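I have placed the structure first, in the form of C-alpha cells, so that the comments after it can refer back to it.
The values are calculated or read from the model by the stated rules, or taken from the named source; none is laboratory data. Since the model is a prediction, treat every value here as computed from it, not as a measurement. Reconstructed Cβ throughout: ideal geometry from the backbone, glycine too, with neighbour counts over all protein chains shown.
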Amino acid sequence: MDDKLQQARMAEDILVRLLKSLQEPLTQGTIPLDERLDLGQELWKAAWHIEKLLETIKAGFRTEAVNKNKGRAGKVYLESSSGTQCTVAIPQTKTVVKKNADMAGLKALLGAEDFTDLFEENTSYKPRKDFSRQASRCASEKQSAVMAVVEMVDETPNVFFKRD
C-alpha cells in the first residue's frame with residue numbers, strides 16, 4: 001500500500017502545481033476559450049474520478065466508525081499509523097414521516113389536538129410551471145396581489161462536460 005500512497009502523493013503534488021500555474025492566467029483571462037474548454041473538460045474528468053474514489057474510501061470510514069462506536073451517535077476519530085486523522089460524525093437517529101404517508105387520514109383518526117402534539121405541519125408554496133400563463137389570466141386586482149408574493153430569481157447557469 002505504500003506504493004499506492006506514494007503515487008497518490010505524487011499525483012497531488014502535480015495537481016497542486018498545475019492548479020497554481022493556471023490560477024493567474026485564468027483569473028486574468030489570458031487563456032483562449034478553446035483551451036479553457038479543453039482544460040475544463042480534463043479537470044472535470046479528473047475531479048469526477050477523484051470524487052468516485054473518495055466516496056468509496058468514505059464509505060469504508062463510515063462503516064469502520066459505526067462499528068467502532070457500536071452504532072451510537074457521536075464523533076469517531078480514525079488515525080493512520082503515519083498520523084493522518086479523520087473525524088466521522090455519526091448523527092442521531094431521527095424520526096421522519098414516510099413518503100406517501102396518508103397524513104390527512106391520520107389527522108382525521110387522531111383528531112387535530114393529538115395530531116398537533118405529534119407532528120408539525122409545514123406547508124410551502126411554489127409557483128407552478130405554467131404560472132406566468134395562469135397569472136396573466138387573472139383579473140387585474142387579483143393579478144397584482146399574486147405578483148406581490150412572487151419574485152423572479154436568476155439561477156446560476158449549470159456547466160456540463162461530456163464524460164468519455
Which pairs do you get when a residue that is in contact (Cβ under 8 Å) with a residue 24 or more places away in the chain, found in segment 1-23, comes within reach of a residue that is surrounded by 10 or more Cβ atoms within 10 Å (Cβ to Cβ) and of a type in the set (Ser, Thr, Tyr), reach meaning Cβ atoms under 7 angstrom, with the pair 6+ apart or on two chains?
-> none
Only one of 70, 75, 52, 99 is basic (Lys, Arg), within 30 Å of residue 11 (Cα to Cα) and modelled with pLDDT of 90 or more; which?
-> 52
In the set 64, 24, 79, the lone residue that is of a type in the set (D, E, K, R) and within 30 Å of residue 160 (Cα to Cα) is 24
Quick one: in segment 30-39, of everything that is touching a helix residue (DSSP H, G or I) at 6+ places or on another chain (Cβ under 9 Å) and not in a helix (DSSP H, G or I), which residue is surrounded by the fewest Cβ atoms within 10 Å (Cβ to Cβ)?
-> 30
Identify, by number, the condition in (1) surrounded by 11 or more Cβ atoms within 10 Å (Cβ to Cβ); (2) under 29 Å from the mean Cα position of the chain (by Cα) that residue 79 doesn't meet.
-> (1)
Qualifying residues in segment 78-96 (those that are closer than 29 Å to residue 9 by Cβ and β-branched (Val, Ile, Thr)) - the one modelled with the lowest pLDDT = 84
What about residue 64, is it of a type in the set (Asp, Glu) and either exposed (fewer than 10 other Cβ atoms within 10 Å of the Cβ) or farther than 30 Å from residue 15 by Cβ (or both)?
-> no
Taking residue 135, is it on the phi < 0 side of the Ramachandran plot, at pLDDT 95 or above, more than 22 Å from the chain's Cα centre (by Cα) and of a type in the set (A, V, I, L, M)?
-> no
Selection from segment 86-136 of residues that are among the polar types (S, T, N, Q), surrounded by 10 or more Cβ atoms within 10 Å (Cβ to Cβ) and closer than 30 Å to residue 73 by Cα = 87, 116
